[in-house]
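Since the structure comes first, as structure tokens, the remarks are kept for the end.
Where a number appears in this text, it was derived from the coordinates with a stated rule and is not lab data. Quick caveat: nothing in here was measured; it's all calculated off a predicted structure. With ideal geometry, Cβ positions are generated from the backbone for all residues, glycine too; neighbour counts draw on all protein chains shown.
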Amino acid sequence: MSTSFAVITPLDGSILLERPYATPAQTQAMLHAASAARLSWRDTPLTERKALISKAVDWLVAHKDRCADAITRQIGRPISQSPGELRGLEERARYMLDIAEQGLADIQPAPKEGFQRFLRHEPLGTVLVLAPWNYPFLTAINTIVPALAAGNTVILKHSSQTPLVAELFQQAFDAAGLPAGVFQSLHLDHAATLQLVAAPQIDFVAFTGSVAGGHAVQQAASSRFIGVGLELGGKDPAYVREDADLANAVENLVDGAFFNSGQSCCGIERIYVHRRHYQDFVDGFVELTKAYRFGNPLDANTNLGPMVRASAASYVRAQIAEAVAAGARALIPPGHFAADRPGSAYLAPQVLVDVHHGMSVMRDESFGPVIGIMPVD
């Protein structure tokens, strides 16, 4: 069993960094620390909890360039776009803190003589956050801030592709002055992660990732009847209606399909277009796709970078090849994007037509820069 792991950067396939996995003893120490901090953190006034969390957000914003660089080097998103995730983090975190008092206030049912009736929100205890690599700051903050604000302690286990993000979160909360044990992070392999999910000190698990990963997490937690929040993959469709603003539809669906190299939980993976607009839509979609500046994500002019790893790109290439073999037409010519390199993480965007639902690309999640477009009546 490996005691450490390496992060391969999609920029050039080299080793970016190596980190040790937490040992069982270290994991147990974190669980003990989280449990020990629960009561005092729960009893800390909400205004004080919010102030400490806000300081951590301040730290991340102050170090946004460092955070953006970590995104780009670990997952390959263009450096021109990575800072946007930190802006989104700040916006969401501030909003959640703003509504915390209202959201956590007692709920008063209709009065009834002889009764004092209310619903009170109580912290669950220790929340385990299992965060993904594709939007590493944004997806994590969605759970971390409300969990801490509600009076829970948090343990963050981030994707093994983005350990720097976990470490930056840890630095932010340490700098903010959170009490010991309130926010902790660690690196674990899959087996140890599932053991942590099943640990009796964990009271809730928030997981964002694949359907297979979500199934494993749900199964690991099922014997304890604790809450599990799952945000999993899918095959999101878009429908362009007969009365649609075509230019607006093209612009937004190209971005929806290819931003972050198609590696978005809410990305568009297949498009259905009213037959009246089909050819005009396809022509506009291809024209805009060809205009991407695809290449090295550290180049400020690049607006489409590599996928997260070569194996992910190979999977999407296989989907494209299978579709073409079954009769689909690929409308982006080979060689249009010079940076496209089979065997690497650099996969150029592709637009497929003459597709049908017998093809994997129209049925199974791609999570990459490919789109199938079908006419409908």
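Across the chain, the longest run free of exposed loop sites, meaning GluC sites (Glu not before Pro) lying outside DSSP classes H, G, I, E and B with no more than 14 other Cβ atoms within 10 Å, spans 243-377. For the stretch 241-258, putting each phi into the Karplus relation 6.51 cos²θ - 1.76 cosθ + 1.60 with θ = phi - 60° gives couplings of 6, 4, 9, 6, 6, 5, 4, 5, 5, 4, 4, 6, 7, 4, 5, x, 7, 10 Hz, in residue order, rounded to whole numbers and with x for Gly and Pro. Applying the Karplus relation 6.51 cos²θ - 1.76 cosθ + 1.60 with θ = phi - 60° to the stretch 356-361 yields 3J(HN,Hα) values of 8, 7, x, 8, 4, 5 Hz, where x marks Gly and Pro. Exposed loop sites, defined as trypsin sites (Lys or Arg not before Pro) outside DSSP H, G, I, E and B with at most 16 other Cβ atoms within 10 Å, are absent from the longest region of the chain, namely 1-111. 3J(HN,Hα) along the stretch 261-276: 6, x, 9, 10, 4, 10, x, 7, 10, 7, 10, 10, 10, 4, 4, 4 Hz, from the Karplus curve 6.51 cos²θ - 1.76 cosθ + 1.60 with θ = phi - 60°, whole Hz, x for Gly and Pro. Simple spin-label estimate for Glu101 and Glu322 gives 5.4 nm between the two label positions (7 Å along the Cα-to-Cβ direction from each Cα). Modelled this way, with points 7 Å down the Cα-to-C-beta line, the labels at Asn301 and Ala51 are 5.0 nm from one another. Candidates His336, Ser314, Val250 compared by Cα position along the dipole of the stretch 237-376: farthest toward the positive end lies Ser314, with charges placed on Cβ. Write down the percent of antiparallel bridges among all DSSP beta bridges whose residues are both part of the chain, to the nearest 5. Given both bridge residues lie in the chain, the antiparallel proportion sits at roughly 20 percent.
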